C-alpha cells in the first residue's frame with residue numbers, strides 16, 4: 001500500500017468537518033438559549049403560583065364562588081388571589097389574572113404590546129360547591 005498518505009488526508013478532512021460542524025452547532029445553540037431560559041422561568045413561575053392557588057382551600061373557594069368572568073383589575077376579582085399573585089411576582093414582571101367559565105376564550109381585555117406568557121388551570125369545586133372556573137395568569141416583562 002503505497003497510497004497511505006491519501007487515506008490520511010481523507011481522514012483529516014472528515015475530522016476537520018466534524019469539528020467545524022460541532023463548533024457551529026454549539027454557537028447556534030447558545031444564541032437561542034436566552035429566550036428559552038426566560039420563557040421557561042416565566043412558565044415555572046406561573047405554574048407555581050397557580051398550583052399554590054389550586055391547593056389553598058380559601059383561594060379555591062374564592063375562585064369557584066365568582067359568578068361572572070372577571071379580570072384582576074375588575075371590582076369583583078377576589079382580593080386574596082390578586083394579593084397572592086402580586087406577592088409571588090418578581091419586580092421585573094407584570095402578571096394579571098382572569099377567572100372565566102370553562103370553554104370561553106379567556107383572554108385579557110387589553111393585552112400589552114410584546115410577548116405575553118399565559119398559563120391556566122381549571123378549578124372545579126370545593127367540598128360544598130361545584131362551579132367550575134378557569135383561572136388564567138398572564139405575565140410579561142415590565
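Assorted remarks:
- Residues in segment 53-88 that are touching a residue at least 12 places away in the same chain (Cβ under 8 Å), closer than 16 Å to residue 99 by Cβ and not in a loop (DSSP other than H, G, I, E, B): 16 in all.
- Hits in segment 102-126 (condition: under 14 Å from residue 62 (Cα atoms) and free of Cβ contacts under 8 Å to residues at least 40 places away in the same chain): 122
- Residues being over 16 Å from residue 140 (Cα atoms) and surrounded by fewer than 16 Cβ atoms within 10 Å (Cβ to Cβ) - total across segment 88-114: 5
- Annotation: residue 39 fulfils all but one of (1) part of a helix (DSSP H, G or I); (2) more than 17 Å from the chain's Cα centre (by Cα); (3) closer than 30 Å to residue 123 by Cβ; the unmet one is (2).
- Scanning segment 68-87 for residues that are modelled with pLDDT of 90 or more and touching a helix residue (DSSP H, G or I) at 6+ places or on another chain (Cβ under 8 Å), we see that the one that is surrounded by the fewest Cβ atoms within 10 Å (Cβ to Cβ) is 80.
The values are calculated or read from the model by the stated rules, or taken from the named source; none is laboratory data. Quantities reported herein were computed from a predicted structural model and do not represent experimental measurements. All Cβ positions, even for glycine, are placed from backbone atoms using ideal geometry, and neighbour counts span all protein chains on display.
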